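Down below is the structure, laid out as structure tokens.
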Amino acid sequence: MTNKFVWHDLMTTDVEGAKRFYSAVIGWKAQDSSMPGGPYTVLYAGDDSVTVIMPIPEDQKDLPPCWTGHIGVDDVDAWTARVTDRGGSLLKGPLDVPGAGRIAVVADPHGAVFILFDAVPGSLPPEVPMDTPGRFAWNELFAGDAKEAVAWYADLFGWAPDEAHDMGAFTYHTLKTGGETSSVGIMTKLPDMPEPFWGYYVWVGGIEAAAGRVKANGGEVLMGPHEVPGGAWIINCRDPQGAFFNLLGTRE
């Protein structure tokens, strides 16, 4: 799986707290896989590992808790050069992650961070339909400039612009990263957002019940539920440690 989002992980100030929260809200099953240097938890949807939770590294203690998406590539070093040649920046790496693959942390020209990832063969979860419970279903960029971002990612990864939805205050662009359906949305960030960033959605089924679980377990629902093009419903949330995340589902 190349040139598309293939993995997402969470760096946080409280691995155990985040594990309890996401297990309760999404239904993920946790397995401790700690390594020297700190706790490290793998979370499963059914039999498939879908994410990991890890502590913020000592050399990045000023980084707030955050989710980061990984885009699959076949040569991290070559793709890093492509990112920087097109005005993006290299933040960390390239480097090898034992047992996982090779990564580079990069940012697009407006500063939105993502990871280039050449995974160990057979280590990624299989592709599944969007409405699979507990799986990442959508990737969304709050861009410095949506039109520029659509053009940049289309040029870099070959993503195909699909539709442009007029939402009144902004235009929401969808892109196909392969296959027949879109899996990426891009909009210009809202004025109160300090910087561009990627956000990610997990499918949870009933959105009202999911919102209740977020609140009952110490998280915050920032917006929603509200309907999005295609008939699904979303909520935008913050977990107890402060990481932004989103849930996607149906209206009961």
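So for the pair Leu222, Ala169, with labels modelled 7 Å out along Cα→Cβ, what separation do we get in nm?
Going by the 7 Å Cα→Cβ label model, 1.3 nm.
Compute the Rg/Rh shape ratio of the stretch 159-232: radius of gyration over Kirkwood radius, all on alpha-carbon atoms.
Expressed as Rg/Rh, it is 0.99.
Run the accessible area of the stretch 57-186 with a 1.4 Å probe and give the carbon-and-sulfur part as a rounded percent.
Here carbon and sulfur together make up 53 percent of the probe-accessible area.
What number comes out for the charge environment of Ser89, summing +1 per Lys or Arg and -1 per Asp or Glu over other residues with Cβ under 14 Å away?
0
Given springs between every Cα pair under 10 Å in a Gaussian network model of the chain, which of Gln60, Gln31, Gln241 has the largest fluctuation?
In this elastic network of the chain, the residue with the biggest mean-square fluctuation among Gln60, Gln31, Gln241 is Gln60.
So if we plug the beta-carbon distance of Glu148 and Gln60 into 1/(1 + (r/R0)^6) with R0 = 30 Å, what FRET efficiency do we get, rounded to 0.05?
My answer for the efficiency is 0.60.
Excluding same-chain pairs closer than 8 in sequence, count the lysine pairs in the chain whose Cα atoms lie under 18 Å apart.
Counting lysine pairs in the chain gives 6.
List the residues of the stretch 59-82 whose backbone N lies under 13 Å from a point placed 7 Å from the Cα of Leu90 along the Cα-to-Cβ direction.
Correct set: 76-82.
Using label points projected 7 Å from each Cα along Cα→Cβ, tell me how many nm separate Asp75 and Arg251, to one decimal.
Computed distance between label sites Asp75 and Arg251 equals 5.0 nm.
Antiparallel as a % of all DSSP beta bridges within the stretch 166-252, to the nearest 5?
75 percent
Remind me, relative contact order of the stretch 1-113 in percent, using alpha carbon pairs under 8 angstrom and six or more residues apart?
Relative contact order for the stretch 1-113 comes out at 25 percent.
Where does the chain land at 222 nm, in deg cm²/dmol rounded to the nearest 500, when only DSSP H runs of n ≥ 4 count, each adding -39500 (n - 2.57), divided by all residues?
Computed ellipticity for the chain at 222 nm equals -5500 deg cm²/dmol.
Where is the GNM fluctuation largest for the chain (alpha-carbon springs, 10 angstrom cutoff): Met54, Met130, Met223?
Of Met54, Met130, Met223, the most mobile in the Gaussian network model is Met223.
What shape does the stretch 98-152 take by its C-alpha gyration tensor, where a ≥ b ≥ c are the square roots of the eigenvalues and a/c under 1.5 counts as rounded, a/b above b/c as prolate, and the rest as oblate?
The shape class here is oblate.
Considering the dipole of the chain built from charges on the beta carbon (Lys and Arg +1, Asp and Glu -1) around the Cα centre, which of Met130, Gly17, Gly69 is farthest to its positive end?
Towards the positive end, the residue furthest out is Gly17.
Just to be sure I understand: of the beta bridges DSSP finds with both ends in the chain, what percent are antiparallel, rounded to 5?
75 percent
Exposed loop trypsin sites (Lys or Arg not before Pro) only (DSSP loop, at most 14 other Cβ atoms within 10 Å): please give the longest stretch of the chain free of them, not including the sites.
Answer - 87-250.
How much of Glu180 can a 1.4 Å solvent probe reach, expressed as accessible area in Å² and rounded to 10?
About 150 Å², rounded to the nearest 10.
How far apart, in nm, are the 7 Å Cα→Cβ label points at Thr181 and Ser23?
In this crude label model, Thr181 to Ser23 measures out at 3.0 nm.
Using only the alpha-carbon atoms, what does the stretch 46-105 span along each of its principal axes? Please give whole angstrom values in decreasing order.
38, 32, 18
For every other residue with a beta carbon closer than 15 angstrom to the beta carbon of Tyr40, add +1 if it is Lys or Arg and -1 if Asp or Glu, then tell me the sum.
With Lys, Arg at +1 and Asp, Glu at -1, the net is -4.
Rounded, prolate or oblate: which fits the stretch 106-252, taking a ≥ b ≥ c as square roots of the Cα gyration tensor eigenvalues, rounded meaning a/c under 1.5, else prolate when a/b beats b/c?
In terms of gyration-tensor shape, rounded.
The values are calculated or read from the model by the stated rules, or taken from the named source; none is laboratory data. In this text the structure is predicted, and so the values were computed from the model without any measurement. Ideal geometry is used to build each Cβ from the backbone, glycine not excepted, and the neighbour counts take in all protein chains shown. Note: accessible area is taken over every heavy atom of the protein model, side chains too, but ligands, DNA and RNA are not part of it. Shrake-Rupley method; radii C 1.70, N 1.55, O 1.52, S 1.80 Å.
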